[in-house]
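Visitor: Right, I'll just put the structure down here and ask away after.
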2 protein chains.
Amino acid sequence: MTSNEKRIDAKSLKQFMNQIFTHMGLPPQDAEKGADLLVWCNLRGVDSHGVQRIASFIRLLDDGNLNPNPNIQILKETPAVLFIDADRGLGAVTATYGMEWAMEKARNVGIGWTLITNTMTPLAVGYYTEMAARAGMVGIAATFSRPNMLPYGARAPGLHNGPISIAVPAQVHRPAILDMATSVAAFGKIEVAKDRGVPIPEGWALDKDSNPTTDPHQARMALPFGGYKGSDLAFVFECLTGILAGDPLVGPVLLNRQRDRRYRQNSLMAAVDIATFTDVARFEGHVDDLIDGVKGLPKAEGIDEIFIPGEPEDRVYDERSQRGIPLPEGTVRKLRQAAERFDLELPEGL
Amino acid sequence: MTSNEKRIDAKSLKQFMNQIFTHMGLPPQDAEKGADLLVWCNLRGVDSHGVQRIASFIRLLDDGNLNPNPNIQILKETPAVLFIDADRGLGAVTATYGMEWAMEKARNVGIGWTLITNTMTPLAVGYYTEMAARAGMVGIAATFSRPNMLPYGARAPGLHNGPISIAVPAQVHRPAILDMATSVAAFGKIEVAKDRGVPIPEGWALDKDSNPTTDPHQARMALPFGGYKGSDLAFVFECLTGILAGDPLVGPVLLNRQRDRRYRQNSLMAAVDIATFTDVARFEGHVDDLIDGVKGLPKAEGIDEIFIPGEPEDRVYDERSQRGIPLPEGTVRKLRQAAERFDLELPEGL
């Protein structure tokens, strides 16, 4: 925590975000979902997807992109599959419903697969897969949008660096949550570097002229992780989200055939019901064994601890639940602007 | 092609493999599936999963691990999900059925999800996802087994480097097929380097003492791709395959609690029916656009062409379909041993 950061407790921060969302015109239960997601991200140290995003949500509302009262419509439904038009609703709302409905289907037929079109960003997709894991299922989620990442071998954006998440429950341990951008680092992390006034590591991004940069203000294009593998993952997931929804968000941009330029994403929220295949407690015990086995391995030089997926974020969660969430100056400024906009009081300490 | 390699046409090679599988006791239609898979791999340049594997299949047969006449049993079935015990059958056989059955379910309810336990390796999982793509679906496949890869931060194996594949159909272009190990390179590639008598690149593997090696004969543990991301993918896919099937193949090994030491894998074969969501021709046209858009991007320095998933393998396929499949000396030796074993004639030119 740098000296210009302030700590605030999760409850106050959540209450404040709830107020903002309510003033943005969201119904109470939806405002609650939005606040819960943003603060969950901060608690887990995923500040890139935390409360600093409120500034962009207000901008999306002003631009007419974010619909505070979406009329979510079912475009197609089978016992296993659901395809919904989110009517430009807040991602926290549309993706939460999407995962809940997927879980309902999974309970009946073993798997539920919700495709969501026309939604704002669900942000940290691990939030939704954790919901599934806590209900004794394996959660799978992804969300993709417009090009902002270089395909491997290119020097201009040609894919979105959307995230993919898979979460599984354990019994003694907390759920293991894989949640990763298909780029080396999520763009939100670049926003956080701006807020903190620090440079970004080499290898994260290129500037507008396709030159490597460590200045977060100059970063325009993300680099794929693992070379062609991260790039290929982003390619097939654009097919499984935007193209499957009939709303491709990459190809038309690259071919200059884009008609509707309004911001949106297409998301996948899926759940696999463990009880359909095996005993849930047995599954969870085996995940505990896997966690214990992996963490007990001899460590590579310079490594203090081997982490399982999501564990570093669990550590931050515990620390921040106790000591509060540190907010850098840039983020506090965004919250202050939001408070002024809606004539709200800032939470104590900010 | 090095000077000690021989070229053989795909048809003769397939016929020969078919004969071997038949002599191994497989029914004709299963021998055909096995031969088709191995030669498909060689045609696409994935020699790591090609005909050189016949030696290990014969070994598995002799050890009583491979069952040439499996009695595949349904353990659980819903309209969307199938869970089968493959009875130690050849992966080419059990995974082909698994994907066919997943496609049948997908046609009815939009998605089909087959979990296969107790199978021999399906080898190149892209073979099965391509089946789905050619039928107007998105194919998803993965297969995982015992630890042979370092989790990120460890210096001993603690995860399997199993592959994940997703394939999507296009219209003008061929299907895009992502098919990647969760390690930097598949172990089969190390086998091929042995056969060719060439070193492996740095960063692929460690030797038995956990030191980096470029000698394929010393390679014991694979390194995960993309750092912790490849490692975390392998972690959650062990949960989605072995642990979901009630047959964990990693945790018990790491905790020295392994009881049944016989070789086997657990696989996932899934299909998403495009027509359930959107018009198939429209989907395929959008994939064509994405391919054209990505390939038309300005190229990074030193890059001659931007490839979409599976495209490098398509190129090799075309060349080898025309000019024959090059087999290095080590592979020819394996085929000769198999021919001797079953008193078969080697195909002409070998």
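The values are calculated or read from the model by the stated rules, or taken from the named source; none is laboratory data. Computed from a predicted structure; not experimentally measured. Using ideal geometry, Cβ is built from the backbone for each residue, glycine included, and neighbour counts are taken over all protein chains shown. Note: accessible area is taken over every heavy atom of the protein model, side chains too, but ligands, DNA and RNA are not part of it. Shrake-Rupley method; radii C 1.70, N 1.55, O 1.52, S 1.80 Å.
Visitor: Can you pull out the residues in region B:176-192 that are open to solvent by less than 10 Å² (accessible area, probe 1.4 Å) and outside any strand (DSSP E or B)?
Guide: Within region B:176-192, B:182, B:185, B:188, B:190 meet the criteria.
Visitor: Now, a different point. Name every residue in region B:193-202 that is charged (D, E, K, R) and not in a helix (DSSP H, G or I), in order of residue number.
Guide: Within region B:193-202, B:202 is the sole residue that qualifies.
Visitor: If residue A:129 passes every condition in (1) hydroxyl-bearing (Ser, Thr, Tyr); (2) more than 11 Å from chain B (Cβ to nearest Cβ); (3) not in a strand (DSSP E or B) but one, which one does it miss?
Guide: With (1) hydroxyl-bearing (Ser, Thr, Tyr); (2) more than 11 Å from chain B (Cβ to nearest Cβ); (3) not in a strand (DSSP E or B) applied to residue A:129, the lone miss is (2).
Visitor: Look through A:27, A:70 and report the one residue that is more than 17 Å from the chain's Cα centre (by Cα) and over 22 Å from residue A:268 (Cβ atoms).
Guide: Residue meeting the stated conditions: A:27.
Visitor: Cβ-Cβ distance below 6 Å, separation of 6 or more or different chains: which pairs start in region A:276-301 with a residue that is in contact (Cβ under 8 Å) with a residue 12 or more places away in the chain and end on one that is open to solvent by 30 Å² or more (accessible area, probe 1.4 Å)?
Guide: As it stands, the answer is A:284/A:171; A:285/A:171; A:288/A:171; A:288/A:172; A:288/A:173; A:291/A:173, since those pairs meet every condition given.
Visitor: If I go through region B:137-148 residue by residue, how many of them are open to solvent by 10 Å² or more (accessible area, probe 1.4 Å), in a loop (DSSP other than H, G, I, E, B) and not charged (D, E, K, R)?
Guide: Here the count works out to 2.
Visitor: Tell me which residues, restricted to region A:92-122, are charged (D, E, K, R) and either part of a strand (DSSP E or B) or more than 12 Å from chain B (Cβ to nearest Cβ) (or both).
Guide: Residues satisfying the conditions are A:100, A:104.
Visitor: Let me spell it out: the conditions are (1) at the interface with chain A (Cβ under 10 Å from one of its Cβ atoms); (2) among the hydrophobic types (A, V, I, L, M, F, W, C); (3) open to solvent by less than 10 Å² (accessible area, probe 1.4 Å), and residue B:255 meets all of them except one. Which number is the exception?
Guide: Failing condition for residue B:255: (3).
Visitor: Could you say whether any residue in region A:83-91 is within 14 Å of chain B (Cβ to nearest Cβ), in a loop (DSSP other than H, G, I, E, B), touching a residue at least 12 places away in the same chain (Cβ under 8 Å) and open to solvent by less than 30 Å² (accessible area, probe 1.4 Å)?
Guide: Within region A:83-91 (the criterion being within 14 Å of chain B (Cβ to nearest Cβ), in a loop (DSSP other than H, G, I, E, B), touching a residue at least 12 places away in the same chain (Cβ under 8 Å) and open to solvent by less than 30 Å² (accessible area, probe 1.4 Å)), the answer is no, since none of the residues qualifies.
Visitor: Note down all Cβ pairs under 6 Å where the first residue falls in region A:139-160 and is more than 10 Å from chain B (Cβ to nearest Cβ) and among the β-branched types (Val, Ile, Thr), the second is surrounded by 24 or more Cβ atoms within 10 Å (Cβ to Cβ) and in a strand (DSSP E or B), and they're at least six residues apart or on different chains.
Guide: A:143/A:265; A:143/A:267
Visitor: Return only the number of the condition from (1) under 19 Å from the mean Cα position of the chain (by Cα); (2) without any contact (Cβ under 8 Å) to a residue 40 or more places away in the chain that residue B:37 does not satisfy.
Guide: Condition not satisfied by residue B:37: (2).
Visitor: Which members of region B:277-309 meet the condition of being closer than 15 Å to residue A:247 by Cα and within 7 Å of another protein chain (Cβ to nearest Cβ)?
Guide: B:277, B:278, B:282, B:283, B:286, B:287, B:289, B:290
Visitor: Let me ask another. Looking at region A:302-334, which of the residues that are of a type in the set (A, V, I, L, M, F, W, C) and over 20 Å from the mean Cα position of the chain (by Cα) is most open to solvent (accessible area, probe 1.4 Å)?
Guide: Filtering region A:302-334 for residues that are of a type in the set (A, V, I, L, M, F, W, C) and over 20 Å from the mean Cα position of the chain (by Cα), the one most open to solvent (accessible area, probe 1.4 Å) comes out as A:307.
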